[in-house]
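Quick notes on the structure that follows.
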Amino acid sequence: MAFLEEYDAIPADQPQMRIAHVVKYLRGDWRAMYEDLRANRAVFETPIFTMVTRATDVLDVLSQPQLFSVRANSVSMDPSVGPFMLARDETAINWHEKGLMQAVLRWDDIPKVRALAGDVAAAALRGEEGEADLVPLLGRRVPLRIVQDYFGFAAPDEKVLGWSFATQHAMFRNLTNDPDVIGRCVEAGREMRAWLWPFLAEKWAAAPLEDSDVVNRIINLSRTPAAAFDSERVVSNVCGLLVGTIETMSQAIVQVVDQLLADPARLAQAREAAQAEDSAHFDAIVFEALRFNPITTIQFRFAEVDREIGTGTPYAQTVRAGTLVAACTGSAMFDPDLMPGPEDFRTDRPASSYLHLGFGHHVCLGKHLGLVAIPEAVRQAVLKPDLRRKAGAGGHIDFAGGPFPEHFRIEWGGR
């Protein structure tokens, strides 16, 4: 049975069963669900959110923050890291602080970040003897070191990993607004801010600082009256550096390797590009592989006004103000209107067509860094001779019942 046939068979007076059915497909056969929806119910109302599945409509939603905002993010963000730009569209805080953070996340840092990712990944792989769990080895370790060494958020490993997991889970992966998940996020934010205040106070006392990492740049900027960047806002934004980095980058690294190992031809193509040090070609392979199992297939927005979606089409439907809208980016990346020949693995697609790191007003602030760190970590793994998944269940991604990959065992070298 197709997704919609199964869904419609669930009585309307059982909303929890209906949303459970949607979540099951989101975590499993999401491509089949989205294909069914694009063809038969392109704007799909569930008991919790309304899904928008065609590429033109997804891009329309994501490109109009004044109509479809990120206001719903404030439920988990505000009590955790304080008022933050990612929950405030069309406001002074968004306009002002996005510009400041863009100024410290410099494009000319790209070679430095790529080299850091490569060095960390290569050293981690050298320390193993032909077998490892990819999630802790590379997935989380590479972005962890970027947070600590490049961002300058120099908290201990376990604290950073714990704070990152709890905040990313609640802010971006808590489909049902589970209060326990939000509670852990709030507690993580409290601990993170408590650790940051004395850490940053020492830096403020020693400013001006060397231009050696992003936190130092923020401290120096905050000492400039024209920046109007007070200590509370500095703490919130430094927290934000952590929140959006580790789990998303880890998931991308792990799922790309999984996709390459699923197809010997793709793996051979990737290894050839990696050995040739053709970064542009290799990076294209990585992000095309990620399209087949992206970090997330949904970005949520809040409808600020009544708005028709699909105007001029047979499926046009008005979404009412106050509706939580799921812009299904995973669906859009398999819509032939955006990705010709969507089932084909192609490395000549325009980079702008990929929606892995957002689109429009809320494209990831560190997108330019992720676009080099993710493929470089993958490249170091692909360079290992005879890379393969471990036999048995361990050689497949294990989410351990949570929102992010926890285990994925790989092998390389002699059999």
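The values are calculated or read from the model by the stated rules, or taken from the named source; none is laboratory data. Predicted model only: the values in this text are computed from it and were never measured. Note that we place each Cβ from the backbone using ideal geometry, even for glycine, and neighbour counts take in every protein chain shown. Keep in mind that these areas ignore ligands, DNA and RNA; they rest on the heavy atoms of the full protein, side chains included. Shrake-Rupley method; radii C 1.70, N 1.55, O 1.52, S 1.80 Å.
Structure summary
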| read-out | value |
| --- | --- |
| Close pairs from the range 189-208: first on the phi > 0 side of the Ramachandran plot and polar (S, T, N, Q), partner part of a helix (DSSP H, G or I) and open to solvent by 60 Å² or more (accessible area, probe 1.4 Å), Cβ under 7 Å, at least 6 apart | none |
| Residue selected from the range 314-366 under the condition surrounded by fewer than 20 Cβ atoms within 10 Å (Cβ to Cβ) and aromatic (Phe, Trp, Tyr), by the criterion farthest from Phe84 (Cα to Cα) | Phe345 |
| Every residue from the range 176-216 that is surrounded by 12 or more Cβ atoms within 10 Å (Cβ to Cβ), more than 21 Å from the chain's Cα centre (by Cα) and under 30 Å from Ala326 (Cα atoms) | Gly183, Glu187, Arg190 |
| Those residues of the range 109-132 which are more than 24 Å from His368 (Cα to Cα) and open to solvent by 20 Å² or more (accessible area, probe 1.4 Å), in sequence order | Arg126, Gly127, Glu128, Glu129, Glu131 |
| Candidates Ala201, Ala226, Ala205 - the one that is at pLDDT below 95 and either over 21 Å from Gly189 (Cβ atoms) or in a helix (DSSP H, G or I) (or both) | Ala226 |
| When residues of the range 229-238 are limited to those that are of a type in the set (D, E, K, R) and assigned to a helix (DSSP H, G or I), the one surrounded by the most Cβ atoms within 10 Å (Cβ to Cβ) | Arg233 |
| Conditions (1) under 23 Å from Arg173 (Cα atoms); (2) touching a Cys at 6+ places or on another chain (Cβ under 9 Å); number of the one not met by Ile253 | (2) |
| Residue in the range 95-102 that is assigned to a loop (DSSP other than H, G, I, E, B) and surrounded by fewer than 19 Cβ atoms within 10 Å (Cβ to Cβ) present | no |
| Subset of the range 403-415 (residues that are open to solvent by 30 Å² or more (accessible area, probe 1.4 Å) and assigned to a loop (DSSP other than H, G, I, E, B)) | Glu406, Gly414, Arg415 |
| Subset of the range 372-385 (residues that are open to solvent by 20 Å² or more (accessible area, probe 1.4 Å), touching a Phe, Trp or Tyr at 6+ places or on another chain (Cβ under 8 Å), touching a residue at least 40 places away in the same chain (Cβ under 8 Å) and not basic (Lys, Arg)) | none |
| Residues of the range 239-253 that turn out to be touching a Leu at 6+ places or on another chain (Cβ under 8 Å), surrounded by fewer than 24 Cβ atoms within 10 Å (Cβ to Cβ) and aliphatic (A, V, I, L, M), as a count | 0 |
